Amino acid sequence: MSTHCLRILCLALLTSIWTSTCPADLHLVGENIPPYNYVDSHTGHVVGLSVDLLNAAAAHARIKIVEIQQMPMVRAIDQARRQADTCVMSLIRTPEREPLFRWIGPYAVNHWVFYARDDFTPILKTLDDAKHYRIGSDAHGRKTAYLKSLGFTNLDLAPEDALNGRKLAAGRFDLWLVGLYQGQAFADQAGVTHIHPVFEVARVDYYLACNLNISATTAGALQSALEAMIKNKEAERIEAPYVAAAP
């Protein structure tokens, strides 16, 4: 083998070793899910509980997050599948999504609830009780798919969940299926008052879903950092202000 070819082989080997052992810079994407990830109206930056937790974990793991973007979930999933070192924040892990990503977490929990107007007097004892009422939800979300899987047909679907606060207040439907924190945030943004959560439908875990080509070193370092933060209560301290602001 010539000296030139040997040098090329050695360089390729060193590059391979470096790539597999050194954490990569990450790009994070996600939809508008306050308070987990959303755009701060004053700074224009994506902020929130997921952002705080993942920034802290990345710092512990000595990983640089070079960009955080907000976009519709369909686009975020597509971008993370196509672009190396790109991950979707605050994604629910499902059987159909399982083979599409390398999963890191879980690191946060969301509570799906029914919101109702303050003048809604029925008491929901089971989820089936809600089948007697008109329910608002977002057209493309996992929450809607969950209700449909349970036989719910009395659905009023909007292209964005942020539109449903006004629809509930206007009497377009009786119950609004939404995340506990998102419901209050969307209502506040729309100037909607006199609504409140009346029934918890489910609890779901949030994960960071990364491109399948993310290095094992990067994924492992982030996973270990998040687990350590949960164990030493750092994650709980980061989450505390968001929990305190919940309805």
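The values are calculated or read from the model by the stated rules, or taken from the named source; none is laboratory data. Bear in mind the structure is a predicted one, so any value in this text is a computation, not a measurement. Here the Cβ positions follow ideal geometry from the backbone for every residue, glycine too, while neighbour counts run over all protein chains shown.
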Does any residue in the range 49-67 that is without any contact (Cβ under 8 Å) to a residue 40 or more places away in the chain come within less than 8 Å, Cβ to Cβ, of a residue that is among the polar types (S, T, N, Q) six or more places away or on a different chain, and which pairs are these?
-> Val51/Asn37
Please identify the pairs in which a residue from the range 113-125 that is among the acidic types (Asp, Glu) has its Cβ atom under 9 Å from the Cβ atom of a residue that is part of a loop (DSSP other than H, G, I, E, B), counting only partners at least 6 apart or on another chain.
-> Asp118/Thr193; Asp118/His194; Asp119/His194
What is the number of the single condition among (1) crowded, with 19+ Cβ neighbours inside 10 Å; (2) free of Cβ contacts under 8 Å to residues at least 60 places away in the same chain; (3) out of contact with any helix residue (DSSP H, G or I) (no Cβ under 8 Å at 6 or more places or on another chain); (4) not small (Gly, Ala, Ser) that Glu31 does not meet?
-> (3)
Flagged pairs (Cβ under 7 angstrom, 6 or more apart or on separate chains; first in the range 86-100, farther than 19 Å from Ala216 by Cα; second assigned to a helix (DSSP H, G or I)) are Ser90/Ser50; Ile92/Arg142
Checked Phe114, Phe101 against criteria (over 26 Å from Leu53 (Cβ atoms) and among the hydrophobic types (A, V, I, L, M, F, W, C)); the one match is Phe114
Selection status of Leu226, more than 16 Å from the chain's Cα centre (by Cα), in a helix (DSSP H, G or I), under 29 Å from Leu100 (Cβ atoms) and assigned by TED's automatic domain parsing to the domain that holds Pro35 | no
Hey, does the range 54-63 have a residue that's under 12 Å from the mean Cα position of the chain (by Cα), part of a helix (DSSP H, G or I) and closer than 14 Å to Leu208 by Cα?
-> yes
Check Trp112, Trp103 and return the single one that is more than 17 Å from Ser224 (Cβ to Cβ), modelled with pLDDT of 95 or more and under 14 Å from the mean Cα position of the chain (by Cα).
-> Trp112
Give the number of residues within the range 48-82 that are surrounded by fewer than 18 Cβ atoms within 10 Å (Cβ to Cβ) and among the hydrophobic types (A, V, I, L, M, F, W, C).
-> 6
